[in-house]
1. Given the residues Leu88, Leu92, Leu171, Leu140, which is the only one that is outside any helix (DSSP H, G or I) and in contact (Cβ under 8 Å) with a residue 24 or more places away in the chain?
2. State which residue is most open to solvent (accessible area, probe 1.4 Å) when the search covers only the stretch 9-34 and only residues that are among the acidic types (Asp, Glu) and assigned to a loop (DSSP other than H, G, I, E, B).
3. Of all residues being in a helix (DSSP H, G or I) and either among the hydroxyl-bearing types (Ser, Thr, Tyr) or open to solvent by less than 60 Å² (accessible area, probe 1.4 Å) (or both) in the stretch 35-58, which is farthest from Val190 (Cα to Cα)? Just the residue, please.
4. Given the options Ile126, Ile160, name the one that is aliphatic (A, V, I, L, M) and surrounded by 17 or more Cβ atoms within 10 Å (Cβ to Cβ).
5. If you scan the stretch 95-118, which residues turn out to be surrounded by fewer than 16 Cβ atoms within 10 Å (Cβ to Cβ), of a type outside the set (Lys, Arg) and in a helix (DSSP H, G or I)?
6. Taking the criterion of being free of Cβ contacts under 8 Å to residues at least 24 places away in the same chain, open to solvent by less than 70 Å² (accessible area, probe 1.4 Å) and of a type in the set (Phe, Trp, Tyr), would at least one residue in the stretch 59-71 satisfy it?
Amino acid sequence: SSAIPCVHMMELGTDRATPSVGFSQEDAGAAITAHLLARGHRRIAFCAGQMDARVLQRAAGWRHTLQQHGLYDPALEFLSPQPTSMALGAQLLGDALARDPHIDAAFFCNDDIAQGALLEAQRRHIRVPEQIAIAGFNDLPGSDQMLPPLTTVRTPRRQIGTHAAHMLLQLMAGHTPDALQHDLGFELVVRSSS
């Protein structure tokens, strides 16, 4: 019996033989962390939920970037197994500030928890980005409408789905795609929250 065709989406396979369509999650995590560093932030927390492989790759980008600048502190990682939500974002921001009130930026693994953190900052009368910068990931609907609008990483989710479907159809028909890995990149979207 032959293997069932499979295409990984939203990330690049760890080996060149794995059919995948996406981008480097680690590079994207590094890019947003480098942006926060460039804005002068030094105590940058990483707040995440659902802890899937892609979230862990974003965390690795954050960690390596801070290590390169001698600023990595494992106490600034706030990881929850819960699914991401606005409520979880509010909780994680509260946890981060309770552990270290000197945190001056927070990178959230997804925009929904970053949106929740922005709302929690408003409830606590914390000025964003003056007291704490907040950044998210995926440029989800509503992120550009937040107060302030959310800095994030825009990912080409629609194009990834289309490319992956075409590749899967090729594999199902017994054809070998031209390339087994398609890197569609990502875009750092800088808005007023950072």
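1. Unique residue meeting the criteria: Leu140.
2. Looking at residues that are among the acidic types (Asp, Glu) and assigned to a loop (DSSP other than H, G, I, E, B), I get Asp15.
3. Only one residue fits best here, namely Ala53.
4. Numbers: Ile126 fails: surrounded by 17 or more Cβ atoms within 10 Å (Cβ to Cβ).
On inspection, the qualifying residue turns out to be Ile160.
5. Let us first name the residues in the stretch 95-118 that are surrounded by fewer than 16 Cβ atoms within 10 Å (Cβ to Cβ), namely 95, 98-102.
So of that shortlist, the ones also of a type outside the set (Lys, Arg) come out as 95, 98, 100-102.
Answer for the stretch 95-118, where residues must be surrounded by fewer than 16 Cβ atoms within 10 Å (Cβ to Cβ), of a type outside the set (Lys, Arg) and in a helix (DSSP H, G or I): Asp95, Ala98.
6. The answer is no, given that none of the residues of the stretch 59-71 is free of Cβ contacts under 8 Å to residues at least 24 places away in the same chain, open to solvent by less than 70 Å² (accessible area, probe 1.4 Å) and of a type in the set (Phe, Trp, Tyr).
Listed here are the residues, each with its yes/no results for (1) among the hydroxyl-bearing types (Ser, Thr, Tyr); (2) within 16 Å of the chain's Cα centre (by Cα).
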| site | (1), (2) |
| --- | --- |
| His35 | no, yes |
| Gln57 | no, yes |
| Thr65 | yes, yes |
| Ala96 | no, no |
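Every residue, every condition in (1) part of a loop (DSSP other than H, G, I, E, B); (2) out of contact with any Phe, Trp or Tyr (no Cβ under 6 Å at 6 or more places or on another chain), yes or no:
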residue: Glu120; (1), (2): no, yes
residue: Pro148; (1), (2): yes, yes
residue: Val153; (1), (2): no, no
residue: Arg158; (1), (2): no, yes
residue: Ala179; (1), (2): yes, yes
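The values are calculated or read from the model by the stated rules, or taken from the named source; none is laboratory data. All of these numbers come straight from a predicted model, not from anything done at the bench. Heads up, the Cβs are rebuilt from the backbone with ideal geometry, glycines too, and the neighbour counts pull from every protein chain shown. Each accessible area value is taken on the protein alone, full model and side chains, heavy atoms only, with ligands, DNA and RNA left out. Shrake-Rupley method; radii C 1.70, N 1.55, O 1.52, S 1.80 Å.
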